[in-house]
Amino acid sequence: MHFKYCPECGRKLTDKQAGDDGLIPFCEVCEQYYFDIFPSCVIVLTYNEFDEIALCRQSYLSDTYFNITSGFMEVGETAEEAAVREVKEELGIDVTELTYAKTHWFSPKGLLMHGFIAFAKKKDFRLSAEVDEAKWVPALEAPKIMFPESPSNAIYPIYRQFLKMRGLSE
Ligand SMILES: [Zn+2]
């Protein structure tokens with residue numbers, strides 16, 4: 001989000017030089033700079049001991065395509081804590097190992113996504129109300145039902161890192 005008005009006093013902000021950062025919206029009354037802010041999210045590929053991936057479908061996004069787990073971080077939480085929490089909330093399974101899978105900028109919504117590869121022992125899902133369907137899918141078959149690849153879609157770089165990590169890619 002790019003600030004145009006001061007969130008404290010409501011006054012229109014004017015651009016002011018802020019050192020090396022260039023021109024930044026500034027409130028003359030509060031004497032405060034307002035740098036752009038953006039939400040931080042986690043995006044988590046969860047796999048089990050059979051190298052199956054947990055894929056879930058949310059009807060408000062698609063009737064056919066599946067996704068990996070994602071969600072907004074909460075204030076005071078680390079990205080690692082958010083990753084474990086989101087998998088638990090959405091799928092009802094417990095992550096026991098996490099591997100960092102880089103950050104990804106989701107330009108359609110201006111979100112910073114923290115990628116993770118998570119291990120959880122295979123068990124039945126206990127879905128949240130936000131998820132309409134979920135299944136364990138053999139890793140190499142996952143792209144058949146995942147959202148198609150696009151430049152802003154972080155699933156595929158994480159998926160490829162997972163294949164490499166597990167020795168499943170050519
Ligand atoms: Zn102000």
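Coordinate-derived values only; no laboratory data. Everything numeric here is computed off the predicted structure, so don't read it as measured data. A quick note on method: Cβ atoms are made from the backbone with ideal geometry, for glycine too, and the neighbour counts reach across all protein chains shown.
Applying 1/(1 + (r/R0)^6) with R0 = 35 Å to the Cβ-Cβ distance of D36 and E130 gives a FRET efficiency near 0.80. The helix-only estimate of mean residue ellipticity at 222 nm for the chain, built from DSSP H runs of length n ≥ 4 each weighted as -39500 (n - 2.57), is -4500 deg cm²/dmol after division by the residue total. For the pair D63 and K144, label points projected 7 Å from Cα toward Cβ lie 2.1 nm apart. Computed over the chain with a Gaussian network model linking Cα atoms closer than 10 Å, the most mobile of F116, F50, F147 is F50.
Radius of gyration (Cα atoms) of the range 50-145, expressed as a multiple of 2.2 N^0.38 Å: 1.06. Under a model in which nothing but the beta-carbon of Lys, Arg (+1) and Asp, Glu (-1) is charged, the chain shows a dipole of about 300 debye around its Cα centre. Working ranking of peptides 117-123, 157-163 by packing, defined as the average number of other Cβ atoms within 10 Å per residue, highest first, is 157-163, 117-123. For the range 1-94, the Cβ-based charge dipole about the Cα centre amounts to some 580 debye (Lys, Arg positive; Asp, Glu negative; other atoms uncharged).
The label-point distance for E170 and Y156, in a model that sets each label 7 Å from Cα toward Cβ, rounds to 1.6 nm. Give me the distance between the Cα centres of the range 103-170 and the range 4-33, rounded to whole Å. Taking the Cα centre of the range 4-33 as reference, the centre of the range 103-170 is 39 Å away. Near A139: Cβ cut-off under 9 Å, other residues only, Lys/Arg at +1 and Asp/Glu at -1. The net charge is -2. Helix 79-91 axis versus longest C-alpha principal axis of the chain: approximately 50°, rounded to the nearest ten.
Between I24, I53, I43, the residue with the greatest mean-square fluctuation in the GNM of the chain (Cα pairs under 10 Å linked by springs) is I24.
Shape summary: the chain maps onto an equivalent ellipsoid whose semi-axes, from the alpha-carbon gyration tensor, are 37, 16, 15 Å in decreasing order. Based on C-alpha pairs under 8 angstrom that are at least 6 apart in sequence, the range 59-170 has a relative contact order of 26 percent. Note on F50 and D20: with the Förster distance fixed at 41 Å, the Cβ-Cβ geometry gives a FRET efficiency of about 0.20.
Ordering D132, D15 by the number of other Cβ atoms within 10 Å of each residue's own Cβ, fewest first, gives D15, D132.
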